[in-house]
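The values are calculated or read from the model by the stated rules, or taken from the named source; none is laboratory data. This is a predicted model, so every value here is computed, not measured. Backbone-built Cβ (ideal geometry, glycine too); neighbour counts: all protein chains shown. What goes into the accessible areas is simple: the full protein's heavy atoms, side chains included, and nothing from ligands, DNA or RNA. Shrake-Rupley method; radii C 1.70, N 1.55, O 1.52, S 1.80 Å.
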Amino acid sequence: MWRATSVEAGAGSLRALPPFFSLYIHVPLCRSLCPYCHFYRIPPRPGDEERYLKALCLEASALGPKAPGPVRTIYVGGGTPSLLPSSFYIRLFSNLRDLFVLEDLKETTVEVDARITKDELFGLADAGFDRVSIGIKSFQKDSLKKLGVRHDNEKSPAVAGWARDAGFSSVGIDLLYGFEGQKMRDLITDLETGLAVKPDHISMYALQECEEQGPRELDPDITAQMFRESRRVLTAGGFCQYEICNFARPGHISLQNLNYWMDGDYFGLGPSSHSALTLGGSRRRWANKNDLDAYLNNPVNVREELSVEDSKESPAEALILALRLASGVDSEAFALRYGTDPRKLLGSSLAEFRDLGLLRSSSRKIRLTTRGMLLSNEVFERIL
Ligand code: SF4
């Protein structure tokens with residue numbers, strides 16, 4: 001299998017692993033709407049499944065001829081993609097096979113929630129997914145309550161094992177931290193339980209406040225301690241941090257996400273999905289509106305153009321994406337691709353960031369320090 005086998009070889013260098021072409025499919029359905037969630041999602045409605053499949057296929061046929069090459073990775077995210085049956089994905093993939101080159105797929109991921117059944121996991125593996133990302137959030141009832149999540153999590157520890165039994169070659173989980181009421185001890189219990197279920201990939205997301213009524217963020221200093229503690233526990237457990245929020249065992253980096261951070265091309269299908277494509281020297285970015293009904297009515301007419309830029313003239317966004325990677329930006333490879341040395345792009349901010357302990361740079365590499373990762377939003381805003 002073509003996999004990034006180490007952080008340096010896979011995640012760090014724009015030269016080591018060239019960007020490729022990916023598909024993202026958004027499933028905007030959730031059984032209950034978590035009050036901290038920033039994603040576009042609605043409760044399932046009878047009759048939408050068939051219409052949604054039709055709409056996705058229509059959008060795919062409009063985009064297929066514009067594909068810049070074979071699809072290397074597919075990611076179905078949400079929302080809760082596991083709310084749709086495996087037959088939905090069998091039909092969708094069969095359609096995509098007629099529109100895109102899928103013969104050399106390296107990774108096909110599906111996001112599921114922790115209430116999925118064993119049979120549903122077997123169905124998704126049979127439909128062609130080889131990687132699963134399980135939205136755990138927390139293994140503890142009390143923590144879920146603090147997050148405003150209404151369902152229980154009794155099955156959560158078993159789901160990763162079922163995914164292995166079903167044949168997924170890579171199993172990921174995600175956990176939330178930094179929410180009011182959470183103690184360091186709670187976080188460590190989640191990390192230890194997470195390690196005990198033996199996943200290949202763990203995403204650690206700090207809560208970002210969303211709704212008025214939703215859970216509040218913890219004091220940033222405590223969240224920073226939790227970030228450091230998560231890294232310590234996961235590193236000791238055999239995981240390598242390859243991106244600000246993401247940790248993997250060797251060979252299990254998420255290639256789909258890696259392609260975003262390497263500023264690769266991707267088409268997003270479904271409401272609220274984003275796309276980026278370099279064509280004829282221009283870098284185009286667009287997004288579909290957050291509106292399922294508009295999408296069902298006319299899936300090829302819900303796009304909002306975000307930007308059209310000369311692909312060599314606006315590398316700031318590419319620099320921000322690449323800086324998310326733990327191994328940083330390879331200055332030479334970046335300059336070759338974008339025609340600008342990233343140090344020149346950073347200008348006087350480089351020395352300032354270095355003095356503030358946010359960035360580290362050598363003749364070859366620029367990377368965020370731990371402090372820089374904690375304050376990455378501020379660093380990125382400044383670069384833009
Ligand atoms: S299940 Fe996931 S996508 Fe759905 S509302 Fe909760 S956090 Fe958001």
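Quick notes
- Qualifying helices (runs of 4 or more DSSP H) (wholly inside region 316-355; at least 2 residues being crowded, with 16+ Cβ neighbours inside 10 Å and over 27 Å from the mean Cα position of the chain (by Cα)): 348-355
- Filter pass, residue 36 being crowded, with 19+ Cβ neighbours inside 10 Å and either at pLDDT 95 or above or touching a strand residue (DSSP E or B) at 6+ places or on another chain (Cβ under 6 Å) (or both): no
- So residue 111, is it in contact (Cβ under 8 Å) with a residue 24 or more places away in the chain, more than 22 Å from the chain's Cα centre (by Cα) and within 16 Å of the ligand (Cβ to nearest atom): no
- One residue stands out in region 39-57 among those that are exposed (fewer than 15 other Cβ atoms within 10 Å of the Cβ) and farther than 12 Å from residue 79 by Cβ: the one that is nearest to the ligand (Cβ to nearest atom), namely 45.
- Verdict on residue 80 being away from the ligand (no atom under 16 Å from the Cβ), of a type in the set (S, T, N, Q) and either modelled with pLDDT of 95 or more or in contact with a helix residue (DSSP H, G or I) (Cβ under 8 Å, 6 or more places away or on another chain) (or both): no
- Conditions (1) closer than 23 Å to residue 169 by Cα; (2) modelled with pLDDT of 50 or more; (3) open to solvent by 70 Å² or more (accessible area, probe 1.4 Å); number of the one not met by residue 21: (3)
- Scanning region 64-99 for residues that are under 14 Å from residue 24 (Cβ atoms) and open to solvent by 10 Å² or more (accessible area, probe 1.4 Å) gives 67, 72, 75, 79.
- Any chance residue 316 is out of contact with any helix residue (DSSP H, G or I) (no Cβ under 9 Å at 6 or more places or on another chain) and either within 20 Å of residue 277 (Cα to Cα) or of a type in the set (D, E, K, R) (or both): no
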